[in-house]
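The values are calculated or read from the model by the stated rules, or taken from the named source; none is laboratory data. All values derive from a computational prediction rather than experimental measurement. Cβ sites come from the backbone with ideal geometry, for glycine too, and all protein chains shown count toward neighbours. All accessible areas refer to the heavy atoms of the entire protein, side chains included, with ligands and DNA or RNA removed. Shrake-Rupley method; radii C 1.70, N 1.55, O 1.52, S 1.80 Å.
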Amino acid sequence: MANTGGYAAPPVMFVAGDDPARKPVVMGLVSDLGFHAVDAGGLRVARLLEPYGMLWIHMAINRKAGRDNAFAYLVRGAGAAGLDRGST
């Protein structure tokens, strides 16, 4: 995660949290690191992100993809309102 460049699309980083004042700050930091910051919702959603992380680990280690791989989040058309950085 040290270098987010060189991928066909920006790697995604989902953000879950309940603090409406601080979430935009976190989303901005994630975006500044080169990730496609996506608001996943409230903190209760964080448990859904844990298996996602385990899938990445499985692909990196067990499927021999290595650490230099990333997932992307692609949305077709204008239906992505409310998902990207800056949305609430």
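Those residues that are outside any loop (DSSP other than H, G, I, E, B) and open to solvent by less than 60 Å² (accessible area, probe 1.4 Å), I need them from segment 11-26; list them, please.
VAL12, MET13, PHE14, VAL15, ALA16, LYS23
Rundown of residues vs (1) farther than 14 Å from VAL15 by Cα; (2) open to solvent by 30 Å² or more (accessible area, probe 1.4 Å); (3) among the small types (Gly, Ala, Ser), yes/no style:
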residue	(1), (2), (3)
VAL30	no, no, no
HIS36	no, yes, no
ALA40	no, yes, yes
VAL45	no, no, no
LEU48	no, yes, no
PRO51	yes, yes, no
TRP56	yes, yes, no
MET59	yes, yes, no
ASN69	yes, yes, no
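Here are some conditions: (1) touching a Leu at 6+ places or on another chain (Cβ under 9 Å); (2) β-branched (Val, Ile, Thr); (3) without any contact (Cβ under 8 Å) to a residue 12 or more places away in the chain. THR4 meets all but one. Which one does it not meet?
That leaves (3) as the condition not met.
Go through segment 59-77 and count every residue that is among the β-branched types (Val, Ile, Thr) and not in a loop (DSSP other than H, G, I, E, B). Write out each step before concluding.
Narrowing segment 59-77 to residues among the β-branched types (Val, Ile, Thr): 61, 75.
Remaining after also requiring not in a loop (DSSP other than H, G, I, E, B): 61.
Qualifying residue count for the region: 1.
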